[in-house]
Amino acid sequence: MWFKKQGWLYAPVNMYGWIVIAVAAAFLVSVYSAYSKHSFAFMELVYKIYPHYICTFLLYLWIGSHKSK
């Protein structure tokens, strides 16, 4: 058991759960920093990072649902 369901999110309760959260956060920070250098407007940045953030969040929900009781 890596996660514990709390509402519609999953809280990490194991080291592996924290590793999943850390890897996802590091990925999202790198996506933001890569796109923010080349975006001229805020909405352009939002449109570029939105797919990455949604896919990462859905992957987190999928891993959480499969690795919790």
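Values in this text are rule-based calculations from the coordinates and carry no lab data. Quick caveat, the model's predicted, so the values are computed rather than measured. All Cβ positions, glycine included, derive from the backbone under ideal geometry; neighbour counts span all protein chains shown.
Quote the Stokes-Einstein diffusion coefficient, in whole µm² s⁻¹, for the chain, based on the Kirkwood radius over alpha carbon pairs, a temperature of 37 °C and a viscosity of 0.692 mPa s.
252
Using alpha carbons only, how many degrees (0 to 90, rounded to 10) separate the axis of helix 15-36 from the longest principal axis of the chain?
Long axis of 15-36 versus the principal axis of the chain: about 10 degrees.
Could you work out the helix-only [θ] at 222 nm for the chain, with each DSSP H run of four or more residues adding -39,500 (n - 2.57) and the total divided by the number of residues, to the nearest 500 deg cm²/dmol?
My calculation for the chain gives -24000 deg cm²/dmol from helical runs alone.
Report the paramagnetic label zone for PHE27: residues of region 40-69 whose backbone N is under 20 Å from a point 7 Å from Cα along the Cα-to-Cβ axis.
Label zone hits: 46-68.
Work out how much length THR56 to SER36 would gain on full extension: take 0.36 nm times their residue separation and subtract the Cα-Cα distance, in nm to one decimal.
Residue separation times 0.36 nm, minus the Cα-Cα distance, leaves 5.4 nm.
For the chain, take the longest principal axis of its alpha carbons; what is the angle in degrees between that and the long axis of helix 42-66, to the nearest 10 within 0 to 90?
On a 0 to 90 degree scale, this one is about 10.
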